[in-house]
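Notes follow the structure.
The values are calculated or read from the model by the stated rules, or taken from the named source; none is laboratory data. In this text, all values refer to a predicted model and were calculated from it rather than measured experimentally. Backbone-built Cβ (ideal geometry, glycine too); neighbour counts: all protein chains shown. Keep in mind that these areas ignore ligands, DNA and RNA; they rest on the heavy atoms of the full protein, side chains included. Shrake-Rupley method; radii C 1.70, N 1.55, O 1.52, S 1.80 Å.
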Amino acid sequence: TPRGSQGVYKSGAARLAIECGLPIVPIAASSAKCWPRKSFLLRPGVIDVAIGPPIASAGRQPDELMREVEAWIEAEMRRLDPEAYATKNP
């Protein structure tokens, strides 16, 4: 997705995690600062990556689990790259 925009989160990973009985480990990365969407130019720079705590899937519904994963990733993206979200609503 473009820098500062929120992508569409689908429930496939959550369904797989629930089926396998495994947690989801959320990851946020600020790669759009260096590698803009649909750009052939890859600029050098620092990409920050945050790895969240495992989110248990046992006894959860896929949509509910994915909403928790999405909330963590989106909050973390705003922490990692605040200037990208400065003019956008939280």
Condition set within 18 Å of the chain's Cα centre (by Cα) and of a type in the set (Gly, Ala, Ser), scope the stretch 11-25, selection farthest from residue 81 (Cα to Cα): answer is 17
Of those in the stretch 54-85 that are in a loop (DSSP other than H, G, I, E, B) and open to solvent by 80 Å² or more (accessible area, probe 1.4 Å), the residue nearest to residue 22 (Cα to Cα) is 58
Residue pairs within 9 Å by beta carbon, gap of at least six or interchain, first lying in the stretch 7-22 and farther than 7 Å from residue 66 by Cβ and open to solvent by less than 50 Å² (accessible area, probe 1.4 Å), second of a type in the set (Ser, Thr, Tyr) and part of a loop (DSSP other than H, G, I, E, B), listed first then second, are 7/1; 17/57
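In the set 28, 32, 71, 50, which member is free of Cβ contacts under 8 Å to residues at least 12 places away in the same chain, within 23 Å of residue 87 (Cα to Cα) and not aromatic (Phe, Trp, Tyr)? Steps first, please.
Numbers: 28 fails: free of Cβ contacts under 8 Å to residues at least 12 places away in the same chain; 32 fails: free of Cβ contacts under 8 Å to residues at least 12 places away in the same chain; 50 fails: free of Cβ contacts under 8 Å to residues at least 12 places away in the same chain.
The match here is 71.
For the stretch 23-42, enumerate the residues that are on the phi > 0 side of the Ramachandran plot and open to solvent by less than 70 Å² (accessible area, probe 1.4 Å).
Residues satisfying the conditions do not exist here.
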